[in-house]
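Working notes for the structure below.
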Amino acid sequence: MSKLRLGFVGVGGMGQMAHLSNYAVLTNECEVVALAEPRPQLAKLVADRYGIPKVFHDHKELLEKADVDAVVAAQPYRRHSILIPDILRKCIPVFTEKPLCLTVEAGEKLVALGEQSGTLHMVGYHKRSDPAMEYAKNVISEWKASGELGRMRLVRVTMPPGDWVGGADKPLDSGEKCLPLDWEPYSNEFGEAANKMYDGFVNYYIHQVNAIRFLLGEPYAVSFVEKSQVLMVGQSSSGVCVSLEMSPYRTTVDWQETLLIGFEKGFVRIELPAPLVRQRPGRVIVMRDDGKSAPTTLEPTLPMRSAMRSQAINFIAAVRKERPAPCIAKEALEDLKVARDYIRFLFPSR
Ligand SMILES: NC(=O)c1ccc[n+]([C@@H]2O[C@H](COP(=O)([O-])OP(=O)(O)OC[C@H]3O[C@@H](n4cnc5c(N)ncnc54)[C@H](O)[C@@H]3O)[C@@H](O)[C@H]2O)c1
């Protein structure tokens, strides 16, 4: 099969550390043939380091002049609604970081544009691609289908902030400042304080908001938010309780995110590593106690592959239509709706 020709739009921090460093080694599957970056010295440093033949000033020039099958656009999410429509209108499959964008309203427009043009927009919820999450998802789907472990009761995520870089190499840095840019404006629904809190929430805890739906396999809605902002509770469409515990404590040299999926007669527990960790998956522990045979606890050995590397493999496969993308824009829009409801609970008078 011929290699996928990729264009990179922006090679800032995440562009290099999370994405380019992973696509660059998938040499049987893809080739990074072009990059666009308005900071010329940074563009040259990165193109030289990774052997990228074509360099353009910005995404518009790349879209006009480069011959690419897909684009990886690692951009701040408040830039998505400004920049991504140009890529979707060209019908080029695109990967962006999470969240989909800032507001629900702008997200609806992005989803509509992608659907009208029939173009894939995969959103970078990398945790879905972690081998531990993939393993857990399979176990959960089997248990749900067979009913052998009873009903699903709980999805609980505990998210103490920590060292998210996890030892990854620093990105190349030319010292050039980013150009002044346009940003997606805050929502009219909220005042300044609510908007700032919403922005912080969609920047950070949106990962866990998304992971909860992934593990449930169905939608859920927020039913309670504790005023300290440590606890958000919700319920899924079939009645499963969900809880998200935010910053119960923090760590400085570790990442201790855990996810517990409880069934009546067993559980699946996942521990995830730092987002930028290199070539290490999370851990999964599966406990079964059906009351008939002796209870068992299993910890499978997983491939030594990071979530970000797996995510790159998954994007290439989705562009080739070999399997669905782990998360597309339409589902990522649901995360923004959960985030909006979370803020509505905290600011009833907005
Ligand atoms: N998945 C995670 O765990 C995780 C962790 C941290 C951050 N993020 C996400 O990453 C995003 C920030 O990404 P980043 O740190 O790479 O941002 P960045 O600002 O470092 O990089 C963006 C780059 O795009 C360039 N650029 C600007 N306009 C452009 C244009 N028109 N065409 C081409 N390039 C252009 C900028 O010069 C810059 O170099 C945030 O939205 C955040 O949510 C995700």
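The values are calculated or read from the model by the stated rules, or taken from the named source; none is laboratory data. Just so it is clear, the structure is predicted and the values come from calculations on it, not from any experiment. Here the Cβ is made from the backbone with ideal geometry for all residues, glycine too, and neighbour counts use every protein chain on show.
Details
- Options T27, T103; residue that is of a type in the set (S, T, N, Q), away from the ligand (no atom under 11 Å from the Cβ), closer than 28 Å to R305 by Cβ and not assigned by TED's automatic domain parsing to the domain that holds D199: T27
- Scanning the stretch 40-61 for residues that are within 11 Å of the ligand (Cβ to nearest atom), under 26 Å from the mean Cα position of the chain (by Cα) and part of a helix (DSSP H, G or I) yields a count of 5.
- When we screen H59, H19 for residues that are in contact (Cβ under 8 Å) with a residue 12 or more places away in the chain and either among the aromatic types (F, W, Y) or closer than 11 Å to G7 by Cβ (or both), the only hit is H59.
- Test: V33 is β-branched (V, I, T), buried (at least 20 other Cβ atoms within 10 Å of the Cβ) and within 23 Å of R309 (Cβ to Cβ): no
- Inter-residue pairs, beta-carbon under 9 Å, first outside the structural domain of Q208 (by TED's automatic domain parsing) and over 18 Å from R153 (Cα atoms) and in the stretch 225-246, second hydrophobic (A, V, I, L, M, F, W, C) and at pLDDT 95 or above, 6+ apart: none
- Checking each residue in the stretch 14-24 for being more than 12 Å from the ligand (Cβ to nearest atom) and touching a Leu at 6+ places or on another chain (Cβ under 7 Å) picks out only Y23.
- Residues of the stretch 26-50 satisfying the condition of being of a type in the set (A, V, I, L, M) and free of Cβ contacts under 8 Å to residues at least 24 places away in the same chain: A47
- Inspection of the stretch 316-329 identifies no residue that is under 16 Å from L215 (Cβ atoms), surrounded by 16 or more Cβ atoms within 10 Å (Cβ to Cβ) and small (G, A, S).
- The set of residues in the stretch 238-262 that are over 25 Å from V286 (Cβ atoms) and exposed (fewer than 13 other Cβ atoms within 10 Å of the Cβ) comprises Y249, R250, T251, T252, V253.
- For beta carbons closer than 7 Å, sequence separation of 6+ or different chains, a first residue in the stretch 174-188 that is surrounded by fewer than 12 Cβ atoms within 10 Å (Cβ to Cβ) and a second that is of a type in the set (V, I, T), the qualifying pairs are D182/I82.
- Among the residues making up the stretch 13-72, a single one is under 17 Å from S174 (Cα atoms) and hydroxyl-bearing (S, T, Y): Y50.
- Scope the stretch 265-311; condition part of a helix (DSSP H, G or I) and in contact with a Lys or Arg (Cβ under 7 Å, 6 or more places away or on another chain); matching residues: A307
- Residues in the stretch 1-13 that are under 20 Å from I92 (Cβ atoms) and under 24 Å from the mean Cα position of the chain (by Cα) were compared, and the one that is farthest from the ligand (Cβ to nearest atom) is L4.
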